[in-house]
């Protein structure tokens with residue numbers, strides 16, 4: 001919200017209540033959010049893919065096995081590399097999303113479309129709520145992505161993680 005609109009917003013809120021403000025908000029829909037998520041996924045993938053490659057190499061995992069035999073040692077190396085890679089990639093993803101939500105109000109994918117993640121009052125997210133939203137997105141994914149699909153049918157275009165963290169995705 002721009003500084004010029006802030007006084008008008010709070011004046012309307014005092015005079016008419018929150019229901020009057022809700023009508024003037026334009027929520028980001030399912031498809032635009034899906035494309036923004038894809039863009040963010042590409043950005044994160046460009047960073048995490050090489051890291052994953054080097055982590056697997058550090059754990060001795062080889063992509064080429066000319067003999068075709070799989071040994072228990074190879075399996076343990078792969079599992080250890082996958083676990084360590086997962087932790088590093090998760091930390092990068094969490095930091096990327098939470099930092100952008102707290103400091104910019106949106107990730108680059110959402111910024112491209114003029115979207116912003118806010119509280120129902122229009123405030124930016126705190127670090128705790130941003131980190132909670134990352135875990136909420138996992139919950140949305142674990143439900144076979146039905147958590148994301150909820151946004152297509154909700155009047156405020158909220159996905160499951162928006163319900164959990166009490167956030168909204170709106171146009172600036």
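Limited to region 105-114, what total is found for residues that are touching a strand residue (DSSP E or B) at 6+ places or on another chain (Cβ under 6 Å) and surrounded by 14 or more Cβ atoms within 10 Å (Cβ to Cβ)?
Total meeting the criteria: 2.
Could you look through region 122-153, keep only residues that are in a loop (DSSP other than H, G, I, E, B) and in contact (Cβ under 8 Å) with a residue 12 or more places away in the chain, and pick out the one that is surrounded by the most Cβ atoms within 10 Å (Cβ to Cβ)?
Among those that are in a loop (DSSP other than H, G, I, E, B) and in contact (Cβ under 8 Å) with a residue 12 or more places away in the chain, it is 125.
Could you check region 55-81 and list, in sequence order, the residues that are farther than 25 Å from residue 45 by Cα and either in contact with a helix residue (DSSP H, G or I) (Cβ under 7 Å, 6 or more places away or on another chain) or part of a loop (DSSP other than H, G, I, E, B) (or both)?
Residues satisfying the conditions are 65, 66, 67, 68, 69, 70, 71.
Taking the condition in contact with a strand residue (DSSP E or B) (Cβ under 9 Å, 6 or more places away or on another chain), under 24 Å from residue 145 (Cβ atoms) and at pLDDT 85 or above, does residue 32 pass?
yes
Scanning region 120-145 for residues that are in contact with a strand residue (DSSP E or B) (Cβ under 9 Å, 6 or more places away or on another chain) and at pLDDT below 95, which turns out nearest to residue 38 (Cα to Cα)?
Filtering region 120-145 for residues that are in contact with a strand residue (DSSP E or B) (Cβ under 9 Å, 6 or more places away or on another chain) and at pLDDT below 95, the one nearest to residue 38 (Cα to Cα) comes out as 124.
Enumerate the pairs (first residue in region 40-51 and under 19 Å from residue 137 (Cβ atoms); second residue anywhere and outside any helix (DSSP H, G or I)) with beta-carbon separation below 9 Å, excluding pairs fewer than 6 apart on the same chain, so at least 6 apart or on different chains.
Listed pairs, sorted by first residue: 40/107; 43/107.
Only one of 117, 164, 102 is in contact with a helix residue (DSSP H, G or I) (Cβ under 7 Å, 6 or more places away or on another chain), within 15 Å of residue 40 (Cβ to Cβ) and surrounded by 14 or more Cβ atoms within 10 Å (Cβ to Cβ); which?
Working: 164 fails: within 15 Å of residue 40 (Cβ to Cβ); 102 fails: within 15 Å of residue 40 (Cβ to Cβ).
One residue alone meets the criteria, 117.
When you go through 100, 84 one by one, which is the residue that is in a helix (DSSP H, G or I), within 30 Å of residue 12 (Cα to Cα) and free of Cβ contacts under 8 Å to residues at least 40 places away in the same chain?
100
On the given criteria, is residue 93 buried (at least 16 other Cβ atoms within 10 Å of the Cβ) and within 23 Å of residue 48 (Cα to Cα)?
yes
Between residues in region 60-79 that are at negative phi and without any contact (Cβ under 8 Å) to a residue 40 or more places away in the chain and residues that are surrounded by 11 or more Cβ atoms within 10 Å (Cβ to Cβ) and assigned to a loop (DSSP other than H, G, I, E, B), which pairs lie under 7 Å by C-beta distance while being six or more apart or on different chains?
As it stands, the answer is 77/59; 77/60; 77/61; 78/61, since those pairs meet every condition given.
The values are calculated or read from the model by the stated rules, or taken from the named source; none is laboratory data. Nothing here was measured: the structure is a model prediction, and the numbers come from that model. Neighbour counts run over all protein chains shown; Cβ positions are idealised from the backbone, glycine included.
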